[in-house]
Amino acid sequence: MAMTTTGKMMPPAMQRLIKGGDRSMTTVSDDNMLMKQVVGTHVPDGREVDVELLLHLVEDILKRTNLDADTVAAVGSPAQTENMEDKTNQASYSDVLDALSYIIDRVSCELNMKALNGGDAHATTLSIFKLLTPFSWDAKLVLTLASFANNYGEFWLLAQIYSSNQLAKSMAILKQLPMIMEHSGALKSLFDALDSLIQAMLKVTRCVVDLTELPSAYISSEVPALSAARDQVPTAVYWTIRSAVACASQITSLTSHGLEYITSTTEQWELSTLAHKLMNIYEHLREQITICSQHIEEKRLVEAYQTLLKLIETIHIDNMKILKALIYPKDDIQPLVEGTTKKRVSIEVLRRRNVLLLISGLDISQEELSILEQIHSESKLHATRQEMHQYELVWIPVVDRSVQWTDPTQKHFEALKSTMPWYTVNHPSLIHKAVIRLIKEKWHFRNKPILVVLDPQGRVVCPNAIHMMWIWGSNAFPFTTLREEALWKEETWRLELLVDGIDQTILNWIKEGKYIFLYGGDDIEWIRKFTVAARLVASAARIPLEMVYVGKSGKREQLRRVIETINLEKLSYTWQDLTMVWYFWTRLESMFFSKIQLGKTDEYDPVMQQIKRLLSFDKTGGWAVLGRGSSIMVSGHGTTVLPALLEYDAWKVHVATKGYDVALKEHHDKIQDVTHPCCRFEFQSTTGRIPESMRCPECKRLMEKLTTFVCCHDEVVPSIYE
């Protein structure tokens with residue numbers, strides 16, 4: 001054995017390093033030959049080992065030896081003696097360790113003896129593989145780490161308590177620990193290198209265990225990522241056990257031969273090289289496991305989705321199975337929050353109720369919430385006592401799981417939830433991905449709120465009642481498709497349909513039989529010309545005329561400026577509250593989508609054609625609708641209505657015999673037959689049911705379908721989460 005300058009024998013581990021390091025690690029180029037040796041020792045006999053349980057214990061031991069520089073420098077002082085609560089359930093390990101303690105001791109002895117005798121690291125590693133021949137790859141890893149943790153844990157246990165325990169102090173002296181701890185500052189780089197390698201060993205071991213536990217029902221070796229990961233397992237196991245041998249050699253040399261033999265940085269270089277190699281293996285394995293996990297997640301999602309579809313198509317005696325599948329299937333928590341008390345409640349509160357699922361993102365607007373709350377309250381008032389107790393509204397928040405959930409997002413969500421007087425899901429994470437897929441694919445949710453109505457048996461009786469709620473409010477109760485169809489059968493194209501529930505002043509004018517112009521657009525010059533011309537013609541025709549500016553969908557700031565100008569110049573009556581303008585256009589769009597949802601897209605449906613015309617007018621300049629009482633007589637674009645008024649002299653002779661409204665209509669229709677203004681519709685990609693094709697309400701030809709990107713720069717919109 002080699003001698004030091006002081007005449008003492010040099011530890012075998014040190015001899016190997018001075019001779020140029022472990023040749024097998026740095027000079028063996030034929031990895032296939034090395035792996036052939038390793039695989040040759042692998043003859044598993046099917047014995048089962050609770051790998052996860054044992055690994056948890058190993059991780060707990062090695063986690064408590066992970067000390068920073070300040071702690072290492074102070075180890076041994078009374079202040080560092082921890083009185084930790086033992087959280088390990090010893091009974092749960094007894095059966096496992098009874099069967100494995102012998103092999104753990106054998107491997108532990110192998111680690112120690114080879115370090116003391118100066119055995120080659122590769123040979124030591126192979127000898128451990130031979131001891132573990134009948135075990136699976138993951139079991140080989142965990143058993144070796146358990147053996148290493150047994151020795152390494154003892155080292156740090158004595159280091160932490162020897163200053164306060166006499167027995168530990170005596171044992172520590174035998175291992176030269178007091179002297180080692182006195183020079184712990186000089187050994188910091190060695191301890192850091194050991195810790196880095198141990199962490200890499202644990203990461204690789206966790207990958208191998210995770211790979212073994214992948215469910216075969218959802219993934220097979222035909223998946224390239226799984227095949228590639230499994231092919232690397234023998235290499236990963238070999239280099240992890242090899243690293244355990246290196247760590248054990250360092251600790252054994254330190255405690256057996258003392259501090260004076262650690263005179264170079266070669267030890268740290270060996271440990272760092274192994275750590276680098278293990279981290280490369282870990283990154284490759286983790287990448288493949290991530291791909292495998294995504295594959296499994298997709299398979300499970302498909303399975304869960306198909307199960308959900310079958311469940312919805314099945315007849316049930318009540319709605320519990322459906323609601324649990326849609327909201328939260330387990331019984332471990334109460335997933336709902338009651339709207340009034342804000343207390344957590346179970347899904348049982350919805351048993352045998354008609355349930356309205358309000359599905360939206362976190363960007364649901366205050367206008368939508370305020371109108372919904374008003375209609376919800378009116379529905380409760382108008383319903384009989386029995387009916388009132390049969391209906392409940394539940395908010396289902398749908399969020400993009402790929403976007404990080406931040407504290408501002410949580411605060412915004414809590415603020416929304418606090419304003420809702422109905423039941424809410426406690427957190428969006430409770431909603432399964434399969435449910436979100438169902439909501440998007442079967443119920444056509446994009447981003448705008450929808451209201452799915454379920455009967456007491458959990459059957460969908462209306463895929464989206466939000467449209468009829470906007471149109472008819474609480475009169476749409478009980479919000480079923482049958483009720484929606486019945487309401488449309490009773491409906492005609494009249495002024496009340498356009499303004500009902502928005503402004504009582506207009507409803508009063510209708511009752512009084514006044515002539516009423518509803519007009520819109522954001523071209524203030526056209527508005528000035530139109531309102532002046534309308535008043536002059538009304539005065540000349542001696543008819544009572546009222547005009548109401550109903551604005552334009554979107555462009556709130558520009559709309560606000562137009563309203564201010566109209567009021568300042570006293571051009572007409574306006575809605576000061578922009579929520580009323582929003583509600584007007586939302587109701588009009590809802591009429592369109594309600595018809596589509598019911599399959600009433602027939603171009604010969606007169607109500608549908610008028611709805612389409614108004615929606616088209618909104619996209620291109622000014623427009624106006626003239627009504628007398630309930631009846632709507634004229635509906636035209638700004639390029640036809642204004643000229644018709646300016647040409648009053650051409651049709652004034654018919655006012656006395658036919659009436660103002662009929663005379664204006666006839667002249668307007670002549671102009672319209674000549675000009676044929678373009679019709680244009682815009683549907684947001686967040687809209688649920690977008691028609692595949694549409695016919696022009698003017699010429700009845702199929703319209704061209706385009707994709708448009710729009711940025712109006714109307715206003716600076718702050719983040720909704722600020």
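The values are calculated or read from the model by the stated rules, or taken from the named source; none is laboratory data. Keep in mind the model is a prediction, meaning the values are calculated, not measured. When we count neighbours, we look across all protein chains shown, and the Cβ atoms used for this are built from the backbone with ideal geometry, even at glycine. With ligands, DNA and RNA removed, areas are computed over all heavy atoms of the protein, side chains included. Shrake-Rupley method; radii C 1.70, N 1.55, O 1.52, S 1.80 Å.
Inclusion of Ser136 among residues that are open to solvent by 10 Å² or more (accessible area, probe 1.4 Å) and more than 45 Å from the chain's Cα centre (by Cα) is not warranted. The single condition from (1) in contact with a Lys or Arg (Cβ under 9 Å, 6 or more places away or on another chain); (2) part of a helix (DSSP H, G or I) that Asp318 fails is (2).
Looking across the range 519-546, just one residue is touching a helix residue (DSSP H, G or I) at 6+ places or on another chain (Cβ under 7 Å), over 18 Å from Ser635 (Cβ atoms) and of a type in the set (Asp, Glu), and that is Asp522.
Identify, please: which residue in the range 455-508 is aromatic (Phe, Trp, Tyr) and touching a helix residue (DSSP H, G or I) at 6+ places or on another chain (Cβ under 6 Å) and is, among those, surrounded by the fewest Cβ atoms within 10 Å (Cβ to Cβ)? Among those residues, the one meeting the criterion is Trp493. Here Lys658 passes the criteria (1) open to solvent by 50 Å² or more (accessible area, probe 1.4 Å); (2) under 25 Å from Lys529 (Cα atoms); (3) at pLDDT 90 or above; (4) not aromatic (Phe, Trp, Tyr) except the one numbered (2). Pairs meeting the criteria (first residue in the range 574-587 and more than 16 Å from Trp470 (Cβ to Cβ), second residue open to solvent by less than 20 Å² (accessible area, probe 1.4 Å) and among the hydroxyl-bearing types (Ser, Thr, Tyr), beta carbons under 9 Å, at least 6 apart or on different chains) are Thr574/Tyr549; Trp575/Tyr549. Those helices (runs of 4 or more DSSP H) of the range 124-226 in which 3 or more residues are at pLDDT 90 or above occupy 137-161, 188-212.
A quick yes/no check of all residues on (1) under 39 Å from the mean Cα position of the chain (by Cα); (2) open to solvent by less than 40 Å² (accessible area, probe 1.4 Å); (3) over 22 Å from Leu495 (Cβ atoms):
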site: Arg560; (1), (2), (3): yes, no, yes
site: Ser572; (1), (2), (3): no, yes, no
site: Met580; (1), (2), (3): yes, no, no
site: Arg587; (1), (2), (3): yes, yes, no
site: Ser590; (1), (2), (3): yes, yes, no
site: Pro606; (1), (2), (3): no, no, no
site: Ile611; (1), (2), (3): yes, yes, no
site: Leu614; (1), (2), (3): yes, yes, no
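Being of a type outside the set (Phe, Trp, Tyr), free of Cβ contacts under 8 Å to residues at least 40 places away in the same chain and over 30 Å from Tyr238 (Cα atoms) holds for only one residue in Glu338, Glu298, and it is Glu298. All conditions but one from (1) farther than 30 Å from Leu326 by Cα; (2) in contact (Cβ under 8 Å) with a residue 24 or more places away in the chain apply to Pro478; the one that does not is (1). When restricted to residues that are surrounded by 15 or more Cβ atoms within 10 Å (Cβ to Cβ) and within 13 Å of the chain's Cα centre (by Cα), the range 414-449 contains 9. Flag: Val349 does not match the condition of being outside any strand (DSSP E or B) and either within 25 Å of the chain's Cα centre (by Cα) or among the small types (Gly, Ala, Ser) (or both).
For beta carbons closer than 8 Å, sequence separation of 6+ or different chains, a first residue in the range 54-66 that is closer than 15 Å to Ile104 by Cα and in a helix (DSSP H, G or I) and a second that is of a type outside the set (A, V, I, L, M, F, W, C) and open to solvent by 50 Å² or more (accessible area, probe 1.4 Å), the qualifying pairs are Leu55/Arg206.
A count restricted to the range 321-341 and to residues that are over 22 Å from the mean Cα position of the chain (by Cα) and either closer than 15 Å to Tyr423 by Cβ or in a loop (DSSP other than H, G, I, E, B) (or both) stands at 5. The helices (runs of 4 or more DSSP H) found wholly in the range 607-671 and carrying at least 1 residues that are of a type in the set (Gly, Ala, Ser) and out of contact with any helix residue (DSSP H, G or I) (no Cβ under 7 Å at 6 or more places or on another chain) occupy 655-658. Residues that are open to solvent by 60 Å² or more (accessible area, probe 1.4 Å), over 24 Å from Leu664 (Cα atoms) and among the hydroxyl-bearing types (Ser, Thr, Tyr) do occur in the range 595-603.
Rundown of residues vs (1) charged (D, E, K, R); (2) surrounded by fewer than 21 Cβ atoms within 10 Å (Cβ to Cβ); (3) at pLDDT below 90, yes/no style:
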residue: Thr314; (1), (2), (3): no, yes, no
residue: Asn319; (1), (2), (3): no, no, no
residue: Ile327; (1), (2), (3): no, no, no
residue: Glu338; (1), (2), (3): yes, yes, no
residue: Lys342; (1), (2), (3): yes, yes, no
residue: Arg351; (1), (2), (3): yes, yes, no
residue: Thr384; (1), (2), (3): no, yes, yes
residue: Tyr391; (1), (2), (3): no, yes, yes
residue: Val394; (1), (2), (3): no, no, no
